[in-house]
1. Please go through region 91-115 and give me each residue that is within 11 Å of the ligand (Cβ to nearest atom) and open to solvent by less than 30 Å² (accessible area, probe 1.4 Å), ordered by number.
2. Residues of region 48-96 being closer than 24 Å to PRO31 by Cβ and acidic (Asp, Glu), which ones?
3. Is it the case, given these coordinates, that ASP151 is more than 25 Å from PRO31 (Cβ to Cβ) and either modelled with pLDDT of 95 or more or in contact with a strand residue (DSSP E or B) (Cβ under 6 Å, 6 or more places away or on another chain) (or both)?
4. Scan region 88-101 and report the pairs whose first residue is at pLDDT below 95 and whose second residue is among the small types (Gly, Ala, Ser), with Cβ atoms within less than 9 Å and a gap of 6+ or a chain change.
5. Do you know which residues across region 12-61 are among the aliphatic types (A, V, I, L, M) and part of a strand (DSSP E or B)?
6. Any idea which of ALA24, ALA73, ALA44, ALA20 is open to solvent by 20 Å² or more (accessible area, probe 1.4 Å) and among the aliphatic types (A, V, I, L, M)?
7. Quick check on my filter: what residues within region 157-203 are within 14 Å of the ligand (Cβ to nearest atom), of a type in the set (A, V, I, L, M) and touching a residue at least 60 places away in the same chain (Cβ under 8 Å)?
Amino acid sequence: MTQKIKLAVLVSGSGSNLQALIDACAQDHYPAEIAVVISNKAKAFGLERAQKAGIPTHIINHREHEGREGFDAALVETIQSYDVDLVCLAGFMRILTPVFISAFEGRILNTHPSLLPKHGGAGMYGMHVHEAVIAAGDRTSGCTIHEVIVDVDRGPIILQKSVDVKEDDTPDTLAKRVLAQEHIAYREAVKMLAEKLLNSSST
Ligand code: GRF
């Protein structure tokens, strides 16, 4: 039987990247399983996706905690209770502080809908990114799976996938094409890191 690492996935919205990971983890030979899904938004559709797949979920509302650090400490406590190997941010719309990042140093991944370092940083999320790509006249865009460090969108890049920007693209049509690549890239990146972690623990 394939050995599997444990993931925590953090979402704030639709959770289509979460779904891509749920589907990948459902395969016997995929080297990861999702131990817990956490959202800061009670209405995030990602929670329903997780529940449907039988994965434990938690809602941790950032408004109910003292500052960013208080929220991060609550996240850390919950995630640590599941003993996970890797934390995957999948459309999680909160900036994390050193309280969170130092607890899982080198083991936090994020997906960003551009070819970083282009179009990243604070305020560059969702449609803002695709609008910026089109406004800059870029002929190519894509997605980046990267490690999360305190500097927003600046962590080491693990994997990128490109898409062409078409003459008649709108932010919406571009977003859809990039999102499809994020699903593929996230599955690949988690597989790569899981294999690395499993190899290092068996040697
Ligand atoms: C993705 O494009 C991700 O890069 C961005 O938000 C989107 C999340 O989509 N930060 P989903 O919630 O996984 O469907």
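The values are calculated or read from the model by the stated rules, or taken from the named source; none is laboratory data. Since this is a predicted model, take the numbers as computed values, not measurements. So basically every Cβ, Gly included, is an ideal-geometry build from the backbone, and we count neighbours across all protein chains shown. Please note that ligands, DNA and RNA were not included when accessible areas were found on the heavy atoms of the full protein model with its side chains. Shrake-Rupley method; radii C 1.70, N 1.55, O 1.52, S 1.80 Å.
1. PHE92, ASN110, THR111, HIS112, PRO113, SER114, listed by residue number.
2. Within region 48-96, ASP83, ASP85 qualify.
3. Working: more than 25 Å from PRO31 (Cβ to Cβ): yes; either modelled with pLDDT of 95 or more or in contact with a strand residue (DSSP E or B) (Cβ under 6 Å, 6 or more places away or on another chain) (or both): no.
No.
4. Qualifying pairs under 9 Å: MET93/SER12; MET93/GLY13; MET93/GLY126; ARG94/SER12; ILE95/ALA122.
5. Listed by number, the residues that qualify are ALA32, ILE34, ALA35, VAL36, VAL37, ILE38, ILE59.
6. Result of the check over ALA24, ALA73, ALA44, ALA20: ALA73.
7. ALA175, VAL178, LEU179, ILE184, ALA185, ALA189, VAL190
One line per residue, one yes/no per condition, for (1) touching a Lys or Arg at 6+ places or on another chain (Cβ under 7 Å); (2) farther than 25 Å from MET192 by Cα; (3) within 16 Å of the ligand (Cβ to nearest atom); (4) not polar (S, T, N, Q):
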| site | (1), (2), (3), (4) |
| --- | --- |
| ALA20 | yes, no, yes, yes |
| ALA44 | no, yes, yes, yes |
| ILE55 | no, no, yes, yes |
| GLU69 | no, yes, no, yes |
| SER81 | no, no, no, no |
